Amino acid sequence: MRIAVPAETQGAETRVAVTPETVRKFKTLGAEIAVQSGAGLASGISDADYEAAGATIAADAAAALAGAAIVLKVRRPAESEIKGLPAGALVVATMDPYGNEAALAALAKAKVSAFAMEFMPRITRAQVMDVLSSQANLAGYRAVIDGAAEYGRALPMMMTAAGTVPAARIFIMGVGVAGLQAIATARRLGAIVTATDVRPATKEQVESLGAKFLAVEDEEFKQAQTAGGYAKEMSKEYQAKQAELTANHIAKQDIVITTALIPGRPAPKLISAAMVESMKAGSVIVDLAVERGGNCELAKPGEVVVTPNGVRIVGHLNVPGRLPATASQLYAKNLLAFVETLIDKAEKKVAVNWDDELVKATALTRDGAVIHPNFAAKPAPKPEPEPAPAVEGSVTNG
């Protein structure tokens, strides 16, 4: 049973899918691990570190992938990589399938079984496999650090002989995993923190961290959470009321961090150009949703925009990857925990239980077809049968 770890090729990806720690654990499962040379360098892991853990170093991707039963990656294989995937292999990564149906079709055509780690169900059993949470946690922390760096002033209140430095005011928009970590980090750094979210369950969480909650708490707000714990898309009317409430609040903030995302949809626009114009010079907006279109109207992917009124809008891509060593450590453990469920420990071979709820939730392709219900082609509806001719004296449903 060979597990391949090719180097990441898309964008400026700094993370890697295995660490020396998970290599050693895969070895105990009977796996042979082939890591492409240099795959871990951006995360501070050398080829020698992998070799010491028992991995084989492959000169290139083709050598790493040769004969692999399982392929582990951070991001979905690029089109050029898909051609080199061994038929029948399990490919496990964050697949980002929405809007990338052509890539899914290519994976199916390559006869691999692709699994999307970001589709892991949020159940107790799968908590250790939840890549969205592990990576969002780091993104929330890093957002505060990046915001503080751009702000150029101290965050905590300081009373000195030369005068008092007021505490910075930080507003977190979207209180999922990233938002909660941002609140906790900003509080630890001494800022005055407020936060908002459309889900009513987050109010208590926000207040438990010492921040103040801000939201329009009407009837729609009370029903604004899915069974899986995600935010629902709110009506235009609610969005307008929430925007009105937050507009005055944003004008008084030093740092605003936006984290609002809805799976499979563009990021909701929370901060308009007019709101940005109301902020004072030197204020900072950190948009964690910029890869999905951004929560701020003026955010640009991969850029720090400075507006005419002196507001800095931070749109870094791959924010977890700005902490590559820690992000790789957590992501690799997420992968290990899931891949363990795909292996027969007694026989030391791949044994996928296609009826397992984790497999059903994450499997995108199998046997040359796209099988996930969100992306599989829907069968054409059967034509309605012709109604029988009415007989005199009968009752019809006309």
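The values are calculated or read from the model by the stated rules, or taken from the named source; none is laboratory data. Bear in mind that the values here come from a model prediction, so they are computed numbers and not experimental data. Virtual Cβ from ideal backbone geometry, glycine too; neighbours counted across all protein chains shown. Ligands, DNA and RNA are excluded from the accessible area calculation, which covers all protein heavy atoms including side chains. Shrake-Rupley method; radii C 1.70, N 1.55, O 1.52, S 1.80 Å.
Of the listed requirements (1) open to solvent by less than 20 Å² (accessible area, probe 1.4 Å); (2) closer than 25 Å to Asn137 by Cβ, Lys333 misses just one: (1).
Could you check segment 266-293 and list, in sequence order, the residues that are closer than 23 Å to Glu237 by Cβ and over 13 Å from the mean Cα position of the chain (by Cα)? Answer for segment 266-293, where residues must be closer than 23 Å to Glu237 by Cβ and over 13 Å from the mean Cα position of the chain (by Cα): Pro266, Pro268, Lys269, Leu270, Ile271, Ser272, Ala273, Ala274, Met275, Ser278, Gly293. In segment 275-294, the qualifying residues are those that are of a type outside the set (Asp, Glu) and either at pLDDT below 95 or touching a Pro at 6+ places or on another chain (Cβ under 6 Å) (or both), and the one that is least open to solvent (accessible area, probe 1.4 Å) is Val290. Considering (1) at pLDDT 95 or above; (2) in contact with a strand residue (DSSP E or B) (Cβ under 6 Å, 6 or more places away or on another chain); (3) open to solvent by 30 Å² or more (accessible area, probe 1.4 Å), the lone condition that Ala195 does not fulfil carries the number (3).
Of all residues in segment 74-91, those that are over 16 Å from Ala363 (Cβ atoms) and basic (Lys, Arg) total 2. Within segment 256-275, residues that are of a type in the set (Ser, Thr, Tyr) sit with their Cβ atoms under 9 Å from residues that are open to solvent by 20 Å² or more (accessible area, probe 1.4 Å) and assigned to a loop (DSSP other than H, G, I, E, B), at 6+ positions apart or across chains, in these pairs: Thr258/Leu270; Thr258/Leu288; Thr259/Gly176; Thr259/Leu288; Ser272/Glu297; Ser272/Leu298. Of the numbered criteria (1) over 16 Å from Val175 (Cα atoms); (2) hydroxyl-bearing (Ser, Thr, Tyr); (3) open to solvent by 20 Å² or more (accessible area, probe 1.4 Å), the one Thr259 fails is (1). Among the candidates Ile45, Ile57, the residue that is more than 30 Å from Pro266 (Cβ to Cβ) and assigned to a strand (DSSP E or B) is uniquely Ile57. I'd like to check something: does segment 105-124 contain any residue that is touching a residue at least 12 places away in the same chain (Cβ under 8 Å), of a type in the set (Val, Ile, Thr) and not in a strand (DSSP E or B)? Yes, that holds for at least one residue. Suppose the filter is touching a residue at least 12 places away in the same chain (Cβ under 8 Å), touching a Lys or Arg at 6+ places or on another chain (Cβ under 8 Å), within 18 Å of Val112 (Cβ to Cβ) and surrounded by fewer than 15 Cβ atoms within 10 Å (Cβ to Cβ); does Gly30 pass it? No.
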